[in-house]
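The values are calculated or read from the model by the stated rules, or taken from the named source; none is laboratory data. Not measured: the values here are computed from a predicted model. Positions of Cβ are generated from backbone atoms using ideal geometry, with glycine treated the same way; all protein chains shown enter the neighbour counts.
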Amino acid sequence: MSMRTCLKKVTLTLFVSLTLTTITYAETSAVGPHSFADLVEPLVPAVVNISTTTLVRGQGESGQSPLDIPFSKESPLEDFFKEFMDRMKPDGPRNATSLGSGFIIDPEGYIVTNYHVVSDADQITVILNDNTELKATIVGRDRRTDVAVLKIKADKKLPFVQWGDSTKLRTGDWIVAIGNPFGLGGTVTAGIVSHLARDIGERSRSGDFIDGYIQTDASINLGNSGGPMFDMSGKVVGINTAIFTPTGASVGIGFAIPSEIVQKVINQIRQYGRTKRGWIGVRIQPVTEDIAEALGLKDLNGALVGSVVKDGPAAKAKLQTGDLILKVGNVEIKGERSLPRIVGDIAVGTKVPITLWRKGKILVIPVQVGEYEEAEEAGVIPSPEGGKELAKGVVIHDMTLQSLSDVSEEDRHNYDISKDSQGVYIAQVEPESPTAEKGIRKGDIIMEISQQEVKTPQDVVNIIKNAEKENRKSVLLLLKREGEPRFVSLKIGSEATAP
């Protein structure tokens, strides 16, 4: 047989092999659904559009013109107000509207959505699939997991969806999202689970009570927030909450809060009107390679106790700085981000054994779990509505306040704060909070609140609390930033942030 004939046979064999391989792959890839129509049809009626209206006042909360405020002619604020009024277009209060999604979980009218969809709303309207518009009230909301529960009253039983188990999802599974992108209600998109337990870091609106998001390539856009993510059995496995995009539109990377986490939050909100999480009172940090080597540890699992909160549950149980928490009950702690969620799921008052590593020894210490929200109210944990003393500061409405006498020399230099400055220093503003979105930031000095001069953090707390007792929805802050005054309206009371 000639060499040429041999080459022909080899070529033919390879071609046949490649062809057979292609056919086999094509047959395997055809296993996916031919249509989502049968799955989607009964689900769409239970997904709602959410329209919120927020009153934006251009002239302060009372509607009074700033030019009517009695300043002396020598006051530098007179020119400031004239410039302010010249820039204010249109004159007077106006409504700002935004859109989001939600879904009905109970035929009596309970609806789940994102916290950030309704956080600043003065009025919430739910639009059903048949275009019926109903006013909604907030049952409860949780900023730390970005979840809110609404209630509507209808003259009929409403269609609803059921929860699925997000822990059974696998990377590569099909999912379907339904929502209200760009106001286009009832929009269905499909894709796969691109990644599980995704840490989205600073892009997250949530705290440590979510230790991983579901990532998907299903198209999710502005207005999809709060809408459901379904598995192939038509059960809700997540709430669509965020996208990664350089353009503002979907680029195939979206994120959902797993149903495993959402269900627990919703059950507490429906039972108590708020969350009631477990808390043991430790501040933790990750175990890095350097720390593990210094401590003689073989791996990076566990949560390292950086400090123990005075008089907290852990302190009463004699936990110490430097302890490495390995287990809570029978649950292993694989990283510091998982500890708050695991402890948060434990019923308040439960005595739970904590396994820890201390100076080369394994110890098991029982700790009686306290309540996270009570610790917030006591000022032990920074709270958006606390108003309690905390490390030479006061925490209230996402701001940590300090007396100017406590400001460090470094901050005085960085934020151009002169020694003769008067007012209250904002030492910290929680990122991506409603307060931060108003433009308030670290380094600002609060000079007045609703035309009342403030000199101490407690002055700020007292004025805000009095305004809340009068059922006012906002207060007007006069701030100084790098020597320049500016006014900002801050929402308070039930219209502000929620714990």
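Of all residues in the stretch 244-290 being aliphatic (A, V, I, L, M) and over 20 Å from V161 (Cα atoms), which is nearest to the chain's Cα centre (by Cα)? Talk me through it step by step, then tell me what you get.
Within the stretch 244-290, the subset aliphatic (A, V, I, L, M) is 249, 251, 253, 256-257, 261-262, 265-266, 269, 280, 282, 284, 287.
Restricting the remaining residues to those that are over 20 Å from V161 (Cα atoms) gives 249, 251, 253, 280, 282, 284, 287.
Values: A249: 20, V251: 22, I253: 18, I280: 22, V282: 22, I284: 20, V287: 25 Å.
So the residue we want is I253.
Does the stretch 283-308 hold any residues that are within 22 Å of P340 (Cα to Cα), part of a loop (DSSP other than H, G, I, E, B) and in contact (Cβ under 8 Å) with a residue 12 or more places away in the chain, and which are they?
Answer for the stretch 283-308, where residues must be within 22 Å of P340 (Cα to Cα), part of a loop (DSSP other than H, G, I, E, B) and in contact (Cβ under 8 Å) with a residue 12 or more places away in the chain: P286, V287, T288, L300, N301, G302.
Out of all the residues in the stretch 398-408, which are at pLDDT below 85 and under 22 Å from the mean Cα position of the chain (by Cα)? Reasoning before the result, please.
To start, the set of residues in the stretch 398-408 that are at pLDDT below 85 comprises 398, 405-406, 408.
Result: D398, single match.
Return yes or no: is T171 at pLDDT 95 or above, closer than 22 Å to A218 by Cα and hydroxyl-bearing (S, T, Y)?
Numbers: at pLDDT 95 or above: yes; closer than 22 Å to A218 by Cα: yes; hydroxyl-bearing (S, T, Y): yes.
Yes.
For the stretch 337-362, which positions are loosely packed, with under 15 Cβ neighbours inside 10 Å, of a type in the set (A, V, I, L, M, F, W, C) and in contact (Cβ under 8 Å) with a residue 40 or more places away in the chain? Walk me through it before giving the result.
As a first pass, look at the stretch 337-362 and keep what is loosely packed, with under 15 Cβ neighbours inside 10 Å: 347, 349-351, 353, 358-362.
Filter once more, so that each one left must be of a type in the set (A, V, I, L, M, F, W, C): 347, 362.
Correct list: A347 only.
For the structure I just gave you, tell me whether I417 is in contact with a helix residue (DSSP H, G or I) (Cβ under 9 Å, 6 or more places away or on another chain), surrounded by 15 or more Cβ atoms within 10 Å (Cβ to Cβ) and modelled with pLDDT of 90 or more. Outline the logic, then answer.
Numbers: in contact with a helix residue (DSSP H, G or I) (Cβ under 9 Å, 6 or more places away or on another chain): yes; surrounded by 15 or more Cβ atoms within 10 Å (Cβ to Cβ): yes; modelled with pLDDT of 90 or more: no.
Criteria not met by I417.
Out of the residues in the stretch 425-442 that are surrounded by 20 or more Cβ atoms within 10 Å (Cβ to Cβ) and more than 13 Å from H397 (Cβ to Cβ), state the one that is modelled with the lowest pLDDT.
A427
Looking at the structure I just gave you, is V262 outside any loop (DSSP other than H, G, I, E, B), closer than 15 Å to L356 by Cβ and in contact with a Ser or Thr (Cβ under 9 Å, 6 or more places away or on another chain)? Full working, then the answer.
On the way: outside any loop (DSSP other than H, G, I, E, B): yes; closer than 15 Å to L356 by Cβ: no; in contact with a Ser or Thr (Cβ under 9 Å, 6 or more places away or on another chain): yes.
So V262 does not fit the description; no.
Could you count how many residues in the stretch 472-495 are in a loop (DSSP other than H, G, I, E, B) and either more than 26 Å from the chain's Cα centre (by Cα) or at pLDDT 90 or above (or both)?
As a first pass, look at the stretch 472-495 and keep what is in a loop (DSSP other than H, G, I, E, B): 472-473, 482-483, 492.
Checking the rest, the ones that are also either more than 26 Å from the chain's Cα centre (by Cα) or at pLDDT 90 or above (or both) come to 482-483.
The total comes to 2.
Quick check: is even one residue across the stretch 378-394 surrounded by 22 or more Cβ atoms within 10 Å (Cβ to Cβ), at pLDDT 80 or above and out of contact with any Phe, Trp or Tyr (no Cβ under 7 Å at 6 or more places or on another chain)?
yes
Filter the stretch 110-125 down to the residues that are under 10 Å from I152 (Cα atoms) and at pLDDT 95 or above and list them by number.
Y110, I111
When you check V429 against the structure, is it within 30 Å of I269 (Cα to Cα) and not assigned by TED's automatic domain parsing to the domain that holds G140, yes or no?
Working: within 30 Å of I269 (Cα to Cα): yes; not assigned by TED's automatic domain parsing to the domain that holds G140: yes.
Yes.
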